Amino acid sequence: MLTINTRLDEFSEVLAIAEADDAIWCSVGAHPHEAKDHTTLAPQQLAALAIHPKVVGIGETGLDFHYDLSPRDVQERVFRAHIAASRETGLPLIIHAREADDEIIRILEEERPPPGVMHCFSSGRALAEVALALGFYISISGIVTFHNAEELRAIVRDLPLDRLLVETDAPYLAPVPYRGKRNEPAFVAATAAAVAGLKGLEPRHLAQVTSANFFRLFGKASALVQ
Ligand SMILES: [Zn+2]
């Protein structure tokens, strides 16, 4: 499992979770909501924290124009700092995109970062296609089990199996039948079962595929388990 850092002043707590369990890794980064508190973030800061062996990804980063909790220009500057850190370290980006598909597409096509993951994917088909063309993976959350998510389910049916991941987005977005509860890692099984159904696979087979995908994308974690 990968646990995600969203503010640098919480990095040590996230790292402690990863250090306490051989099967948990973490990322380093500042969520777009928190960009306003990281206006001077430099790629070198992220790269320095990423030296730790349990840090296997850069993020979460990206753009969120739904809540607009940070000014949009600041979100973009901080996003680009993460992209530079990904390039410098070779570690994959974890990208959050909410109501900012066009801007994310523009930035990804300009920057052409190394492959990462579009996390908690709830965007449109165009962003999925640009991300896949850049070698990115698409991570599916409990949203895929929601009644009104037919558009997302249609995209999932078309995604290549070797680019698919599943996640919780805990504590948010608990999948059916846990909807409304505080989400937790164990509930990812319900999301994986829904994705398996869309792909015509047994859940056990999907689990093997997504685990293999995880270790291919997060190669630094892979090196530690072998
Ligand atoms: Zn997110």
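Picking from residues in segment 84-99 that are surrounded by fewer than 23 Cβ atoms within 10 Å (Cβ to Cβ) and within 16 Å of the ligand (Cβ to nearest atom), the one that is farthest from the chain's Cα centre (by Cα) is 99. Of all residues in segment 178-201, those that are closer than 19 Å to residue 159 by Cα and polar (S, T, N, Q) total 1. Can you tell me which residue is surrounded by the most Cβ atoms within 10 Å (Cβ to Cβ) among those in segment 52-82 that are within 16 Å of the ligand (Cβ to nearest atom) and either free of Cβ contacts under 8 Å to residues at least 24 places away in the same chain or hydrophobic (A, V, I, L, M, F, W, C) (or both)? Taking the candidates together, the pick is 58. In segment 140-226, counting only helices (runs of 4 or more DSSP H) that sit wholly within it, the ones holding 2 or more residues that are modelled with pLDDT under 95 and either out of contact with any Lys or Arg (no Cβ under 8 Å at 6 or more places or on another chain) or surrounded by fewer than 16 Cβ atoms within 10 Å (Cβ to Cβ) (or both) span 219-225. Residue 103 fulfils the conditions (1) within 13 Å of the ligand (Cβ to nearest atom); (2) part of a helix (DSSP H, G or I) except for a single criterion, (1).
Within segment 109-127, the only residue that satisfies the criterion of being in a helix (DSSP H, G or I) and within 16 Å of the ligand (Cβ to nearest atom) is 127.
The values are calculated or read from the model by the stated rules, or taken from the named source; none is laboratory data. Just so you know, these numbers come straight off a predicted model, no measurement behind them. Note that each Cβ is placed from the backbone with ideal geometry, even for glycine, and that neighbours are counted across all protein chains shown.
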